[in-house]
Number of protein chains: 2
Amino acid sequence: MITCRHFYLKSHAVTHPNINMNDLPGSAGRIDIVARCINSAFWLSYGIRKDVVFHTILHGEPSPPVYIRIEGDKLRKVSPDERNIAIFIKKAIERMKENMEVESTPGIFVSKKSFNELLEENKDKDFYLLDEKGEEIDNVKIGRKPFFLIGDNMDFEEEEKEIIYKYGAKSVSLGKKSYLSSHCITILNWLMDKI
Amino acid sequence: MITCRHFYLKSHAVTHPNINMNDLPGSAGRIDIVARCINSAFWLSYGIRKDVVFHTILHGEPSPPVYIRIEGDKLRKVSPDERNIAIFIKKAIERMKENMEVESTPGIFVSKKSFNELLEENKDKDFYLLDEKGEEIDNVKIGRKPFFLIGDNMDFEEEEKEIIYKYGAKSVSLGKKSYLSSHCITILNWLMDKI
């Protein structure tokens with residue numbers, strides 16, 4: 001039985017909080033993608049998935065990396081629309097401290113953390129890299145502690161993929177089409193609901 | 001083989017164009033739901049699904065019904081973020097005429113049309129009503145002209161369901177959980193990609 005689902009999005013969104021809420025895609029390195037992924041990770045019609053942890057590292061300027069973790073069992077006050085979720089991301093960036101993790105709002109944690117550190121901290125999990133060329137998900141037996149790694153519109157770099165595979169990740173595919181990151185999360189949640 | 005996929009969302013969004021773009025959920029009867037459903041219906045990583053037609057009827061005040069149809073093979077200029085999609089819905093409402101259908105922007109058509117008329121026009125299609133109590137989708141053979149009927153946060157009324165069944169709709173379920181309308185569309189698109 002799967003006790004908790006982890007999703008990691010590699011994001012190229014900005015790491016300053018001066019985000020223009022009227023232009024999330026243009027002004028902030030596609031922070032709209034992050035917001036939609038958070039919607040997909042947590043929302044059901046009548047509540048929040050408590051068994052999900054969402055991770056992202058923002059790689060944009062001026063001071064990457066900014067690591068944000070959202071824990072479904074503690075998440076409060078956020079609405080499912082992009083703008084509202086983006087406001088909470090902005091708050092997280094504003095409240096980040098250099099040398100310690102901060103809970104910027106209930107259930108949202110922010111710190112400086114590299115991708116290597118994140119993988120090392122989660123090395124007890126079963127890593128899956130979403131990749132169109134990977135093994136078809138229907139043929140993969142998902143482990144008890146799944147941790148899915150998903151790129152935004154710019155994907156992972158080769159060096160990152162090397163690290164991912166070093167941590168034992170399996171490459172899995174949702175099919176030949178290339179889906180939006182948020183849609184991948186929706187589909188993965190649905191597939192895991194059926195397990 | 002499925003040649004075209006149709007999705008219908010019953011929406012309670014407003015039918016006036018004075019939509020506050022800074023508060024899509026609160027100001028406009030959950031027009032954020034409509035925007036997210038449109039994102040789910042059409043977007044892939046590298047383009048728009050040309051084989052999708054999205055239908056919605058807005059039932060909110062002051063002058064329902066407003067019927068909007070989006071044809072993937074003609075859709076242009078729209079970005080996948082909620083705000084941008086909502087701007088195009090607003091334009092459709094602004095440009096609606098009482099007695100004729102108008103193409104408000106490329107691929108987006110608006111008119112006065114009732115739900116009955118919409119079903120009658122599409123009676124050659126295979127209707128499926130999304131319903132948690134329906135038959136599990138994995139056990140349903142999807143017809144060649146699928147037309148999925150999906151409620152927003154307020155669902156269909158009993159009278160509407162009667163009409164839907166009169167048109168031969170099958171009730172299908174994506175599982176015991178109640179998913180956001182947009183997530184249902186993402187999952188349905190994915191399932192149909194596999195057929």
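The values are calculated or read from the model by the stated rules, or taken from the named source; none is laboratory data. The shown structure was predicted, so the numbers you read here are calculated from the model rather than taken from an experiment. Note: ideal-geometry Cβ built from the backbone for every residue, glycine included; neighbour counts use all protein chains shown.
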Next on the checklist: With the structure loaded, tell me whether B:Leu75 is closer than 29 Å to A:Met21 by Cα, in contact with a helix residue (DSSP H, G or I) (Cβ under 7 Å, 6 or more places away or on another chain) and either in contact (Cβ under 8 Å) with a residue 60 or more places away in the chain or buried (at least 18 other Cβ atoms within 10 Å of the Cβ) (or both) or whether it fails that test.
Outcome noted: yes
Checklist entry - at pLDDT 95 or above and either within 14 Å of another protein chain (Cβ to nearest Cβ) or under 17 Å from the mean Cα position of the chain (by Cα) (or both): does that describe B:Phe156? => result no
Checklist entry - Which is without any contact (Cβ under 8 Å) to a residue 24 or more places away in the chain, closer than 28 Å to B:Ile48 by Cβ and polar (S, T, N, Q), of B:Ser111, B:Ser181, B:Ser104? => result B:Ser104
Next on the checklist: Looking only at region B:49-86, filter to residues that are of a type in the set (Gly, Ala, Ser) and more than 12 Å from chain A (Cβ to nearest Cβ); which one of those is farthest from A:Gly175 (Cα to Cα)?
Outcome noted: B:Ser63
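Per-residue answers, yes or no, for (1) of a type in the set (A, V, I, L, M, F, W, C); (2) part of a strand (DSSP E or B); (3) touching a Leu at 6+ places or on another chain (Cβ under 6 Å):
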site	(1), (2), (3)
B:Pro25	no, no, no
B:Gly29	no, no, no
B:Asp32	no, no, yes
B:Asn39	no, no, no
B:Thr56	no, yes, yes
B:Ser79	no, no, no
Item to check | Tally, over region B:159-178, of residues that are in contact (Cβ under 8 Å) with a residue 40 or more places away in the chain and either farther than 22 Å from A:Leu174 by Cβ or within 15 Å of the chain's Cα centre (by Cα) (or both) | outcome: 10
Item to check | Search result, residues across region B:84-142 that are within 17 Å of B:Ile57 (Cα to Cα), in a loop (DSSP other than H, G, I, E, B) and aliphatic (A, V, I, L, M) | outcome: B:Met96, B:Met100
Next on the checklist: So for region A:34-48 (the condition being buried (at least 16 other Cβ atoms within 10 Å of the Cβ) and away from chain B (no Cβ under 14 Å)), does at least one residue qualify?
Outcome noted: no
